[in-house]
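Below: one structure, written as structure tokens.
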Amino acid sequence: MAKADLKENAAQASEISVKVRFMGDLRAIVKKRDLEMTLPTGSTVGDLLTFLCDSFGDPFTSWVFSQPGKLHHYILIFLNGRNVKDVGGLGARLGDSEVEIIMLPMFEGG
Amino acid sequence: MASKWIPTACGMCYVGCGVLVQVEDGLVMNIEGDPNNPQNRGNMCAKGKAGIMNLYNPNRVKVPLKRTNPKKGLHVDPGWQEISWEEALSSIVANLQAIQENPKKLYIHGWEITGDLHSWLHAFASAFGTPHYSSNASATCGKVIHPVEFFSGGGFHQQPDLHYSNYCILVGTQFAIAARGAFNHVLRDMADARARGMKLVVVDPIGGNAASKADEWVPIRPGTDTAFAMGMLHVLLNELGIYDAKFLQHKTNAPYLVGSDGHYVRDPKSGKPMIYDAADQKNKTYDDPTLSAPAITGGGEGGRPAFELMREHVAKYPPEKVEEITTIPAKTLRRIAREFGEAARVGSSITIDGVELPYRPVCVDWAKGPQGHKHGFHQSWPLKLLNIVMGAVNVPGGIMSTAAAGKRPHHWWPEGGLDGLLEKGGNVLDLPHAKTFPGRTPTKPVRMDLAELFPLAPHFQTLLPITSQDPERYGLSYQIEVLLHTPTNSVLGTFGDLKMVESFYRSIPFMAGFAVELNETNLFDDIVLPFPSYLERYDFNSGITSRSIPPCGQDDWFWQVRQPVVDAPNSIRPPQEILMEIADRVGILGDFYRLLNHTYRLKEPYALEPGNHYPVTEVIDRMARSWFGEEKGLPWFRENGVVRIPRDVEEAYIGPSLEARLPIYLEHLLDRGEELKKVVSQTGIKWDFSDYKPLSEWMPCPSYEAVQKGKYDLIAVHYKFPYVYGGFGNENPWINEICEQTNAYDIILNEDVAKAKGIQDGDEVWLESPVCKVRARAKLTQCIHPQVVGVGGHFGHWAPGMPIAQGKGVNFNSLLPTDLDHIDKISTALDHCVEVRLYK
């Protein structure tokens, strides 16, 4: 993946602007509700996650991925309001997008 | 006088039976079981019948309250003052807004399993951004069974298939006699099974209700279940040679080759585990299409089959050694193992509705008892292995995984994953389930509950009272500042040592929660919100049974919707609408809706839309129509109560169609343990890694060692009554009368032991644990292990808002030491057997 940047500026022609909202347990690591960034045109959801792993380190990576390229079952990602499972998974292309990344607590106990 | 019967769902415990409520002139006159509801088939328990007395409890909270006394404590009067809803919600919103930049300072105790609040608070917590959401009520129950079941069966809980079982062993559970999900359904199945000759063996320190119905009660020393299971496995595998080889070869990781380092032998290219194929004498990956005769004995290139290692390992537990640990006579264990193995009819099949299925009419069932120990995971897991080695999983007569799969109204099914093993369980709600495989990679703790150091656990709340004593010791630079909670009583039921709980709750600057009556938890609240009775409210979720613990087998799947049968007082509002208002006022309503839409699989045109505000009736109507079609909205459910959906054989018995292997060897525990050592070594925290092993060992609880050393002479354990089960009953005068009539408030002690101590039946005695000393009345019986004191129910109240319950019985949890040495390092379960002294 080409280099990505966290930017407040408008995206260049070869770049896309991505807004990310974090919900659930990931907020404890990211320490922000929202993040705006630019990514190279053609970037995918997988590229976005790689960038976020680089930015937030091992805790983020270990909470999001159960193994390389495979999300934990409690991770939800919505791309422009649609579950990425329904639009191509980690390979889904990002346009100028709004992405929600959610780590849900495990549900139900005793 | 006009009288009508209204269908709705009971809310006296988490089961949620279908009921018909007789109402005359706006008053509830009677409650009966709904014969059309598969949940309970018209049956009612004493507690359900007594629900009318909860509704008309004169001490119910009916208006918002605030405390006027800033001092907090277990026995401190909060100085309640009635306030308006606006003042109550403004106060809660202001405190949430104050931590919104660091939302992990919020802890939500979310267990309110009788209705919607549980899942709605789950969504609220995630929308707000806190990881500190507690999804369970107990310090032990559910902490092992659910993660184990999801990776070795595919569903939420386990349940013996009483329709076909011929030999059922209950270990530390009173299944289908005094406890468990779908209780009022399965108790009739249990009666039928016993009548047709199923042998029931109960292994339990206490000969309680379950033992009274059993063919045989086997007293066991608390905390020794591992040894019992390993001894059974040894007799079956090594002495008798009874096991389902075909099932182990093709449906488990028994043939996976294990190297000398304990890890799988893996294909260098793909990284997949290897199996030795005896047909052409070659190592192959587990999913090689040419694999025809996977070897589970002998050896392969570079390693030995996991099953071979397991057989060798369990040989360390001959019945004579097991007798020393458990006190179960060696000849008894050998006989039970032989009866169990012979009854399994390995190799037989049965045809149901034209479908031929493996027939394994035996199972071992366990629940709360084995989980509640310092090594709770390994106390429990070998019990499940007894079913797996017999091939008795998700097939007729065996152990069933509850709610694992279904085809309607959605399609949900367990799936394989890493290394070909069962990884994703089935769940009708689109929510992550408890999971012990493959686990998470440990990291330095950010969370107050130290979740990062428990990479295989699903729940973590037992750690909070411990870390709150000294957060910096765990590298944490903040504290919980706001606690929101459901009406359940976490002070008495969710943790251990009351002094630790008091200290934890006093450390939280702002607490707010719902209340039915003002219980011991509410004594710490700054704001109390009234909670409607289950007879006054709507819930799309009306108990746990439909989604998580329905009756197994071919009984209909069903869904019921709770509706009010009488009007709530005007001063009580629907809890769902309160949460929507708070979410709106703190600016997270859109995210809250997003998560509710996901949870309930709501798509256009039923999805909740950001910016809109909905009455609870519209939300539930959308959910109902989304799931069951336009014609089955809320009005249909108000008329009919429950929708029934027949299940076919494939849904009822998923074993043969499951495209995943079950584990017998837990390689990933080695990996997680090694990773954990690296992380913990950087923190300076003392940690016990002995549980991170792929094959279970019996390891003693602190209470076992304390008794061995002579510091104490007895071990206290908890047990359940069918009429005091799952909460919301202790302040009920009818339940109280039953408890008084049955001596339920007494602690029980072995008669011979009592005589040696000079204690007579009915004597007042002191019961002293390392952290608590209480007065109790002793009931003497032969039906208890001689080293054990039994403390039943959920008693020991002192809150002024519960005058009927005050001063009766003992609160078991308060006896429990609460520190890292008493926490299971796999599951976070708090050790529930505690050394005690008992004297006059």
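The values are calculated or read from the model by the stated rules, or taken from the named source; none is laboratory data. As the structure is a computational prediction, the values presented were derived from the model and not from experiment. Using ideal geometry, Cβ is built from the backbone for each residue, glycine included, and neighbour counts are taken over all protein chains shown.
On the given criteria, is A:Asp47 among the charged types (D, E, K, R), facing chain B (nearest Cβ under 7 Å) and either loosely packed, with under 15 Cβ neighbours inside 10 Å or touching a strand residue (DSSP E or B) at 6+ places or on another chain (Cβ under 7 Å) (or both)? Spell out the reasoning first.
Numbers: among the charged types (D, E, K, R): yes; facing chain B (nearest Cβ under 7 Å): no; either loosely packed, with under 15 Cβ neighbours inside 10 Å or touching a strand residue (DSSP E or B) at 6+ places or on another chain (Cβ under 7 Å) (or both): yes.
The answer is no for A:Asp47.
For region B:45-117, please list each of the helices (runs of 4 or more DSSP H) lying entirely inside it that holds at least 2 residues being touching a residue at least 24 places away in the same chain (Cβ under 8 Å) and within 14 Å of another protein chain (Cβ to nearest Cβ).
Numbers: elements: B:46-49, B:51-55, B:85-98.
Correct list: B:85-98.
In this structure, does B:Pro396 turn out to be under 18 Å from B:Ala660 (Cβ atoms) and in contact with a helix residue (DSSP H, G or I) (Cβ under 9 Å, 6 or more places away or on another chain)?
Values: under 18 Å from B:Ala660 (Cβ atoms): no; in contact with a helix residue (DSSP H, G or I) (Cβ under 9 Å, 6 or more places away or on another chain): yes.
Considered against the rule, which asks whether it is under 18 Å from B:Ala660 (Cβ atoms) and in contact with a helix residue (DSSP H, G or I) (Cβ under 9 Å, 6 or more places away or on another chain), B:Pro396 comes out as no.
Only one of these conditions is not met by B:Thr436: (1) surrounded by 23 or more Cβ atoms within 10 Å (Cβ to Cβ); (2) outside any loop (DSSP other than H, G, I, E, B); (3) outside the structural domain of B:Leu106 (by TED's automatic domain parsing). Which number is it?
Result: B:Thr436 fails condition (2) only.
Condition check ((1) touching a Pro at 6+ places or on another chain (Cβ under 9 Å); (2) part of a loop (DSSP other than H, G, I, E, B)) across all residues:
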residue: B:Met699; (1), (2): no, yes
residue: B:Val707; (1), (2): no, no
residue: B:Ile715; (1), (2): yes, no
residue: B:Glu737; (1), (2): no, no
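Taking region A:56-85 on its own, how many of its residues are in a loop (DSSP other than H, G, I, E, B) and either under 19 Å from B:Leu602 (Cα atoms) or in contact (Cβ under 8 Å) with a residue 60 or more places away in the chain (or both)? I'd like the intermediate steps shown before the answer.
First, the residues of region A:56-85 that are in a loop (DSSP other than H, G, I, E, B): A:68-69, A:72-74, A:80-81.
Those still in the list that are either under 19 Å from B:Leu602 (Cα atoms) or in contact (Cβ under 8 Å) with a residue 60 or more places away in the chain (or both) too: A:74, A:80-81.
Number of matching residues: 3.
Anything in region B:439-462 that is more than 10 Å from chain A (Cβ to nearest Cβ), closer than 17 Å to B:Asp819 by Cα and either part of a loop (DSSP other than H, G, I, E, B) or more than 18 Å from the chain's Cα centre (by Cα) (or both)? List them, or say none. Even if it seems obvious, please write down each step before you answer.
First pass over region B:439-462, keeping only residues more than 10 Å from chain A (Cβ to nearest Cβ): B:449-450, B:453-454, B:456, B:462.
Narrowing the set further to residues that are closer than 17 Å to B:Asp819 by Cα leaves B:449-450, B:453-454, B:462.
Hits for region B:439-462 are B:Asp449, B:Leu450, B:Leu453, B:Phe454.
Pick from B:Val774, B:Val753, B:Val836: which is in contact (Cβ under 8 Å) with a residue 60 or more places away in the chain and of a type in the set (A, V, I, L, M, F, W, C)?
On the way: B:Val774 fails: in contact (Cβ under 8 Å) with a residue 60 or more places away in the chain; B:Val753 fails: in contact (Cβ under 8 Å) with a residue 60 or more places away in the chain.
The conditions single out B:Val836.
Taking B:Ala583 and the conditions (1) buried (at least 21 other Cβ atoms within 10 Å of the Cβ); (2) closer than 30 Å to B:Asn40 by Cβ; (3) touching a helix residue (DSSP H, G or I) at 6+ places or on another chain (Cβ under 6 Å), which numbered condition does it fall short on, given that it satisfies the others?
All conditions pass for B:Ala583, except number (2).
B:Met53 versus (1) closer than 30 Å to B:Leu431 by Cα; (2) modelled with pLDDT of 95 or more; (3) out of contact with any strand residue (DSSP E or B) (no Cβ under 8 Å at 6 or more places or on another chain): which is the lone unmet condition?
(1)
Give the residue, chosen from B:Phe531, B:Phe495, B:Phe540, that is within 30 Å of B:Asn37 (Cα to Cα), within 22 Å of the chain's Cα centre (by Cα) and either at pLDDT below 95 or buried (at least 23 other Cβ atoms within 10 Å of the Cβ) (or both).
Details: B:Phe531 fails: within 22 Å of the chain's Cα centre (by Cα); B:Phe495 fails: within 30 Å of B:Asn37 (Cα to Cα).
Step by step, each of B:Phe531, B:Phe495, B:Phe540 is checked, and only B:Phe540 is within 30 Å of B:Asn37 (Cα to Cα), within 22 Å of the chain's Cα centre (by Cα) and either at pLDDT below 95 or buried (at least 23 other Cβ atoms within 10 Å of the Cβ) (or both).
Here is a list of conditions, (1) surrounded by fewer than 24 Cβ atoms within 10 Å (Cβ to Cβ); (2) within 14 Å of chain A (Cβ to nearest Cβ), and B:Gln371 meets all of them except one; can you say which number that is?
Unmet condition: (1).
Can you tell me which residues in region A:86-110 are more than 10 Å from every other protein chain (Cβ to nearest Cβ) and either assigned to a strand (DSSP E or B) or within 11 Å of A:Val45 (Cβ to Cβ) (or both)?
A:Val87, A:Gly88, A:Gly89, A:Leu90, A:Gly91, A:Ala92, A:Arg93, A:Leu94, A:Ser97, A:Glu98, A:Val99, A:Ile101
For the condition more than 18 Å from the chain's Cα centre (by Cα), within 18 Å of B:His668 (Cβ to Cβ) and more than 8 Å from every other protein chain (Cβ to nearest Cβ), what is the one hit in B:Gly425, B:Gly475, B:Gly416? First the steps, then the outcome.
Values: B:Gly425 fails: more than 18 Å from the chain's Cα centre (by Cα); B:Gly475 fails: within 18 Å of B:His668 (Cβ to Cβ).
Answer to the selection: B:Gly416.
Would region B:141-164 turn up any residue that is among the aromatic types (Phe, Trp, Tyr), more than 12 Å from chain A (Cβ to nearest Cβ) and surrounded by fewer than 24 Cβ atoms within 10 Å (Cβ to Cβ)? Give the derivation first.
Within region B:141-164, the first condition is being among the aromatic types (Phe, Trp, Tyr), and the residues that meet it are B:150-151, B:156, B:164.
Of the ones still in play, those that are also more than 12 Å from chain A (Cβ to nearest Cβ) are B:164.
Next, only the ones that are surrounded by fewer than 24 Cβ atoms within 10 Å (Cβ to Cβ) stay: B:164.
Yes: region B:141-164 contains one or more residues that are among the aromatic types (Phe, Trp, Tyr), more than 12 Å from chain A (Cβ to nearest Cβ) and surrounded by fewer than 24 Cβ atoms within 10 Å (Cβ to Cβ).
Name the residue that is surrounded by the fewest Cβ atoms within 10 Å (Cβ to Cβ), counting only residues in region B:1-44 that are assigned to a strand (DSSP E or B) and among the acidic types (Asp, Glu).
Keep residues of region B:1-44 that are assigned to a strand (DSSP E or B), which gives B:3-9, B:18-24, B:27-33.
So of that shortlist, the ones also among the acidic types (Asp, Glu) come out as B:24, B:32.
Working: B:Glu24: 12, B:Glu32: 14.
By that ranking, first place goes to B:Glu24.
What are the residues in region A:51-81 that are surrounded by fewer than 18 Cβ atoms within 10 Å (Cβ to Cβ), at the interface with chain B (Cβ under 10 Å from one of its Cβ atoms) and within 19 Å of B:Ala127 (Cα to Cα), if any?
Within region A:51-81, A:Gly81 is the sole residue that qualifies.
Only one residue in B:Val765, B:Val791, B:Val810 is in contact with a Lys or Arg (Cβ under 8 Å, 6 or more places away or on another chain) and either surrounded by fewer than 23 Cβ atoms within 10 Å (Cβ to Cβ) or not aromatic (Phe, Trp, Tyr) (or both). Which one?
On the way: B:Val791 fails: in contact with a Lys or Arg (Cβ under 8 Å, 6 or more places away or on another chain); B:Val810 fails: in contact with a Lys or Arg (Cβ under 8 Å, 6 or more places away or on another chain).
On inspection, the qualifying residue turns out to be B:Val765.
Output the number of the condition that A:Leu35 fails; it satisfies all remaining conditions of (1) more than 8 Å from chain B (Cβ to nearest Cβ); (2) in a loop (DSSP other than H, G, I, E, B).
Of the numbered conditions (1) more than 8 Å from chain B (Cβ to nearest Cβ); (2) in a loop (DSSP other than H, G, I, E, B), the odd one out for A:Leu35 is (2).
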